[in-house]
Structure formats: C-alpha cells, structure tokens
Amino acid sequence: MIYGGPSVEHEIAVISASQAMAAADPAKYEVIPIYISKDGQWYTGQKLLDIAAYADMPALLRDCTRVHMAADRGEHKLVTKAKGWFAKPQEIALDVILPVMHGAHGEDGCLQGFLELLNIPYAGPGVLAAAVGMDKIMMKNILAANGLPVLDAGWFTAEEWFGGREAKIAEIENRLGYPVIVKPADLGSSVGIAKAADAAELAAALDDAASFSRRLLIEPCLEDMREINCSVLGYGSKLRASVCEEPLTDSAFLTYQDKYMGGGSAKGGVKGGKMACATKMSQPAKGAAGAKSGGMSSARRRIPADLTPERTQEIQQVSQRAFVALDGCGVARIDVMIDNTQDKVYVNEINTIPGSLSFYLWQESGLDFTGLIDELVESALWRQRNKEKLVYSYDTNILASFAGGGMGVKGAK
C-alpha cells in the first residue's frame with residue numbers, strides 16, 4: 001500500500017492505511033508498506049507496520065529503507081536505495097497497488113497518473129475520478145450536469161478574493177445570503193471549512209480557506225438538515241451501496257475533530273498495525289503491533305441511519321448515480337444532506353478514497369474488512385484487464401518519411 005504524502009491529511013492516511021493493511025488476508029497477500037513522508041520521500045520497512053512507531057518519526061525512518069518505483073512502463077517493482085559503499089540496490093516486485101491516501105498528491109489524480117504511466121494495476125479512483133472528486137467546484141458542476149441534486153453555490157479564486165473583498169462579500173450576500181459554509185475547493189477531512197453568519201465571519205472564513213487552496217467555494221448553510229453518508233463499492237456495472245449512516249455532531253457540519261478525534265475504536269477493526277499501499281499477491285503478510293486509533297470508524301455515528309426504507313433507497317440510488325457520474329472505481333463514500341424544511345436530498349460530495357475506506361459501513365452491510373480488501377484488489381485487476389483491451393497506438397512508420405532529408409515538420413499533418 002502507498003500512504004502518507006505531502007498533504008494536510010497525512011496522519012489520517014496513516015491511520016486508514018494501518019487499518020487496511022491489518023485487514024488484508026495473509027494467506028493471499030504479502031503486504032508491502034510504502035510510506036511517503038511529508039517531504040515526499042518514499043520508504044519501506046517492517047517497522048512501518050507498527051503505528052505506535054510513528055510517534056518518533058526520525059527514529060522510525062532511520063530504521064526504514066528509502067525506495068523509488070522503477071520508472072520503466074510495465075516494471076512493477078520498488079528499488080531500494082543502497083546503504084553503504086558496497087551495498088547493492090534490492091528490487092521488490094509488486095502486483096497490485098492500493099493507494100490509501102487522502103488529500104493533495106494522492107487522492108487528486110497525481111498519484112493515479114503516475115501509476116497509469118507505469119501501467120501497474122491499482123485500486124480506487126482513476127485519474128479523472130480522483131481529480132474531479134477532490135475538486136468540490138468541478139464535482140458540483142459535473143453532478144449537476146448529470147441531473148443530481150446539489151445546492152446552489154458561488155466560487156472564486158483566492159486572488160479574486162484578496163483583490164476585491166467587499167465586492168465578493170456583496171456578491172455572496174446577494175446570491176446566497178447568510179448563513180453560508182466556506183470551503184477550500186480541493187481539501188477533505190473538513191480542513192479549512194467554516195460557517196459564516198455575517199460579513200465579518202465570512203471574511204475570516206475566506207481568509208482561512210485561502211491559506212489552504214487557491215479556489216474557494218461558498219454554499220448556503222442548511223439550518224435544519226441531517227447529514228447522511230453512504231458508501232458505494234464496485235466497478236463498471238457491478239456496483240452496490242452500503243447501509244446508510246448518520247454522523248452525530250453538535251456543530252453545523254462534521255468537523256475534523258468529529259471525524260477523527262471522537263474517541264472509541266473500530267468495532268471488529270484493526271487487528272494489527274500493518275500499513276500498506278502496494279500489495280504483493282500470494283505471499284504471507286508480516287505481523288504488526290496494534291493500531292490505537294479508529295480513524296473515521298471512531299467518530300460518533302448511527303448505523304444504520306434512522307430513515308424510512310424509501311428514503312434509504314433514494315439515498316443509495318443517488319449515491320450510485322454520483323459514483324457513476326464521476327467514473328468511480330473501488331470504494332467511495334458519498335455524503336448527502338437532507339433538507340428537513342423542504343424534505344429534499346442533496347448530494348454534498350464524494351470521497352473517492354474515504355477515511356478508513358468506509359469499512360465500518362460495509363461491515364454493517366455484511367462484508368468484513370478482509371472481504372473489502374479482496375474486492376478492491378479485484379477492482380484493480382478488472383480495470384487493468386479492460387485497459388489492456390484498448391488500442392493506444394498504431395503500428396505505423398510515419399517518422400521514416402523524415403529520414404534522409406524528407407519533408408520537414410512544417411506543413412505536416
């Protein structure tokens with residue numbers, strides 16, 4: 001598994017990956033942890049499987065080995081950075097990559113594009129789904145274009161905000177009124193999100209959001225609403241939705257603290273502290289120490305949500321439609337809002353690599369975390385098989401016409 005990375009959600013990715021690695025069946029997979037530090041360095045090593053070791057990061061990384069991915073297309077392997085004068089680089093073969101990364105440089109299409117260039121099977125969203133799923137503005141536009149219910153919203157760049165604060169505040173007041181929710185366009189885990197009830201709070205919220213993103217989204221805040229989450233799992237036409245959950249919070253929206261610092265532990269959750277993003281198949285996994293944090297699974301929630309069967313079905317269907325509209329693959333979590341005043345469901349956002357991989361929702365739907373990992377691996381292999389059926393180039397010899405002083409590039413079509 002690949003996890004971590006230069007993201008404000010770095011620690012959450014470590015927790016999610018730890019849970020996922022612990023759940024992988026050791027009879028099927030040898031889990032290879034690939035940790036990307038906050039400064040972008042890649043490491044592997046058995047001590048990465050012990051989440052308690054991350055409390056002393058310098059000591060942990062001293063006991064790990066620097067690695068990089070082989071850059072040649074089709075060579076699915078890690079290459080170690082040799083230590084010492086006479087040491088030789090070692091190669092570690094990989095079969096499937098499981099990215100368990102949240103936020104920038106991992107959930108936004110960057111990593112997925114890199115893996116596409118290497119032509120290595122990987123689970124989770126593809127480049128398009130990851131990029132659009134991370135950008136709340138583009139996501140909203142695409143969902144609306146596909147007939148999915150989304151709230152009206154305004155957006156502008158941080159440059160536009162700092163260049164005309166009063167005009168932008170007036171624009172939001174005229175279009176949306178108060179209260180509103182301000183969000184950085186391309187972050188998750190509720191980072192940088194704030195509610196504003198007047199012009200002063202709106203300015204402060206926009207200043208804060210602009211420190212995280214160059215594009216800012218402003219939405220109306222529903223005063224009387226319920227937040228409901230539903231996970232979708234699968235690929236192509238083989239999709240299904242999980243039971244619904246209702247996160248419990250005392251604030252206007254689910255905060256970072258609500259999601260990850262609510263206490264508790266995963267029911268039937270982490271048996272060990274393995275972390276992985278690259279999996280080498282058909283080899284036994286190594287043991288690891290227990291992980292103490294439940295990640296998203298430790299947040300306060302009601303599962304299943306207290307909904308009528310009709311409303312549950314509506315949310316599950318809307319969630320699957322959103323997943324398809326963004327070309328989802330693997331597992332995602334779709335967050336919706338029920339406006340109690342109008343009794344209407346709105347899609348809030350899609351999380352293409354959700355915290356804790358939403359295993360707790362599938363656990364309550366009859367699929368344990370080990371089975372979820374199996375299905376993610378299968379989704380990666382399914383996508384790879386389909387890619388290999390496509391035509392990417394023609395067997396032509398156009399460049400031969402340029403040999404020996406043929407016609408120049410100018411005018412060539």
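The values are calculated or read from the model by the stated rules, or taken from the named source; none is laboratory data. Please read all numbers here as calculations on a predicted model, not as lab measurements. For neighbour counting, all protein chains shown are included, and Cβ atoms are generated from backbone atoms with ideal geometry for every residue, glycine included.
Looking across region 138-186, the residues that are under 19 Å from residue 334 (Cα atoms), surrounded by 19 or more Cβ atoms within 10 Å (Cβ to Cβ) and of a type in the set (D, E, K, R) come down to 140, 183, 186. Looking at residue 87, is it under 28 Å from residue 11 (Cβ atoms) and of a type in the set (Gly, Ala, Ser)? Against the criterion (under 28 Å from residue 11 (Cβ atoms) and of a type in the set (Gly, Ala, Ser)), residue 87 does not qualify. Among the residues of region 384-408, those that are part of a loop (DSSP other than H, G, I, E, B) and either at pLDDT 75 or above or under 43 Å from the mean Cα position of the chain (by Cα) (or both) comprise 389, 390, 391, 392, 393, 394, 395, 396, 397.
Taking the listed residues 372, 367, the one that is touching a helix residue (DSSP H, G or I) at 6+ places or on another chain (Cβ under 8 Å), part of a loop (DSSP other than H, G, I, E, B), in the same structural domain as residue 320 (by TED's automatic domain parsing) and at pLDDT 95 or above is 367, with no other qualifying.
Put simply, of 81, 28, 88 the only residue that is over 26 Å from residue 186 (Cβ atoms), surrounded by 14 or more Cβ atoms within 10 Å (Cβ to Cβ) and free of Cβ contacts under 8 Å to residues at least 24 places away in the same chain is 81.
Is there a residue in region 81-93 that is assigned to a loop (DSSP other than H, G, I, E, B), more than 28 Å from residue 210 (Cβ to Cβ), at pLDDT 95 or above and not basic (Lys, Arg)? Within region 81-93, not a single residue is assigned to a loop (DSSP other than H, G, I, E, B), more than 28 Å from residue 210 (Cβ to Cβ), at pLDDT 95 or above and not basic (Lys, Arg). Within region 234-248, residues that are closer than 21 Å to residue 305 by Cα reach partners that are among the hydroxyl-bearing types (Ser, Thr, Tyr) with beta carbons closer than 6 Å, at six or more positions or on different chains, in the pairs 241/319; 242/231; 242/365; 243/365; 244/312.
Answer yes if at least one residue in region 201-208 is assigned by TED's automatic domain parsing to the domain that holds residue 9, within 25 Å of the chain's Cα centre (by Cα), assigned to a helix (DSSP H, G or I) and surrounded by fewer than 19 Cβ atoms within 10 Å (Cβ to Cβ), and no otherwise. The answer is no; no qualifying residue exists. For residue 213, are the conditions met, namely being buried (at least 23 other Cβ atoms within 10 Å of the Cβ) and not in a helix (DSSP H, G or I)? In short, no. There is no residue in region 17-36 that is in the same structural domain as residue 375 (by TED's automatic domain parsing), modelled with pLDDT under 95 and closer than 17 Å to residue 110 by Cβ.
Within region 133-152, the set of residues being in a loop (DSSP other than H, G, I, E, B) and of a type in the set (A, V, I, L, M, F, W, C) comprises 148, 150, 151.
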